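K.L.:
Dumping the structure here so I can ask a few things about it.
The values are calculated or read from the model by the stated rules, or taken from the named source; none is laboratory data. The structure presented is a predicted model; accordingly, all values stated were derived computationally and were not measured. Neighbour counts run over all protein chains shown; Cβ positions are idealised from the backbone, glycine included. In case anyone asks, the SASA skips ligands and DNA or RNA and just uses the protein heavy atoms, side chains included. Shrake-Rupley method; radii C 1.70, N 1.55, O 1.52, S 1.80 Å.
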Amino acid sequence: LFMNSDHFPTEEEQYQAYRVVAEKMQGKPVTIRTMDIGGDKELPYLDLPKELNPFLGYRAIRISLENKDMFKTQLRAILRASQYGQIKIMYPMISSINEIGKIYDRNIKVGIMVETPSTAIVAYKFAKEVDFFSIGTNDLTQYFLAVDRGNEMVSTLYNSFNPAVLEAIQKVIDAAHGAHISVSMCGEFAGDKRATKLLLGMGLDSFSMSASS
């Protein structure tokens, strides 16, 4: 919706797109992640600064909170579309409880991506503030191991089976269930057949993966 456009999608364009998805899902849950640009994702019409460490920089929720009109446009479109299905809102790249914010529609479910060590370590605190977690293993792994997954020189060190990453995932799952909220996983690890039994045993509620997986 954002990356295949030559302009920032208007409220009406976003509303129509979200409505179509909600209607086609016929009551099944639809999770809409707010704009997750930055890092390895760029928008030609959004003049982002060049950064030495873009994965640690100005991206995702950090951009949205600095561009409140743009953020409100997306949230309004999602809330308008929510009457046509079971829509949930998910915020990406959360590292502080202050970044979560409050939605005025109390019936809509709000969740966060758990993809930074700061959020994973104190997940029990975040679990009190939101309705669900989604563990973003792509970023969580590279942040925990200090390994750029796109750098071929160190890519062999990138491994979601690393004990530190697995322990973090378990802490997040336990924190979610301790607060009686659901926890899913998106990222390549969720589609790795070698990890399926392990993650089920750890208590993961649902897996989000590419259609080919």
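K.L.:
Of all residues in the range 24-38 being within 17 Å of residue 108 (Cβ to Cβ) and of a type outside the set (A, V, I, L, M), which is most open to solvent (accessible area, probe 1.4 Å)?
P.N.:
The selected residue is 28.
K.L.:
Something else: Taking residue 165 as the residue in question, decide whether it is buried (at least 17 other Cβ atoms within 10 Å of the Cβ), farther than 30 Å from residue 27 by Cα and either in contact with a helix residue (DSSP H, G or I) (Cβ under 9 Å, 6 or more places away or on another chain) or not aromatic (Phe, Trp, Tyr) (or both).
P.N.:
yes
K.L.:
Could you grab the pairs with beta carbons closer than 6 Å, sequence gap of 6+ or different chains, first residue in the range 140-160 and closer than 17 Å to residue 93 by Cα, second one small (Gly, Ala, Ser) and part of a loop (DSSP other than H, G, I, E, B)?
P.N.:
That search, which allows pairs on different chains as well, returns 141/160.
K.L.:
Residue 89 fails exactly one of the following numbered conditions: (1) hydrophobic (A, V, I, L, M, F, W, C); (2) more than 22 Å from residue 125 (Cα to Cα); (3) open to solvent by less than 10 Å² (accessible area, probe 1.4 Å). What is the number of that condition?
P.N.:
So residue 89 meets the others, but not (2).
K.L.:
Among all residue pairs at least 6 apart or on different chains, which show Cβ distances below 8 Å where the first residue, located in the range 189-213, is farther than 17 Å from residue 141 by Cβ and outside any helix (DSSP H, G or I) and the second is modelled with pLDDT of 95 or more and charged (D, E, K, R)?
P.N.:
203/174
K.L.:
For the structure I just gave you, tell me whether residue 145 is modelled with pLDDT of 95 or more and within 19 Å of residue 41 (Cα to Cα).
P.N.:
no
K.L.:
Oh, and also: Out of curiosity, is residue 41 open to solvent by 80 Å² or more (accessible area, probe 1.4 Å) and under 20 Å from the mean Cα position of the chain (by Cα)?
P.N.:
no
K.L.:
When the range 57-82 is examined, which residues are found to be in contact (Cβ under 8 Å) with a residue 40 or more places away in the chain and either charged (D, E, K, R) or open to solvent by 40 Å² or more (accessible area, probe 1.4 Å) (or both)?
P.N.:
Hits for the range 57-82 are 76, 80.
K.L.:
For the range 16-35, how many residues are within 16 Å of residue 115 (Cα to Cα) and in contact with a strand residue (DSSP E or B) (Cβ under 8 Å, 6 or more places away or on another chain)?
P.N.:
2
K.L.:
Would you check if residue 111 is at positive phi and either surrounded by 19 or more Cβ atoms within 10 Å (Cβ to Cβ) or not hydroxyl-bearing (Ser, Thr, Tyr) (or both)?
P.N.:
no
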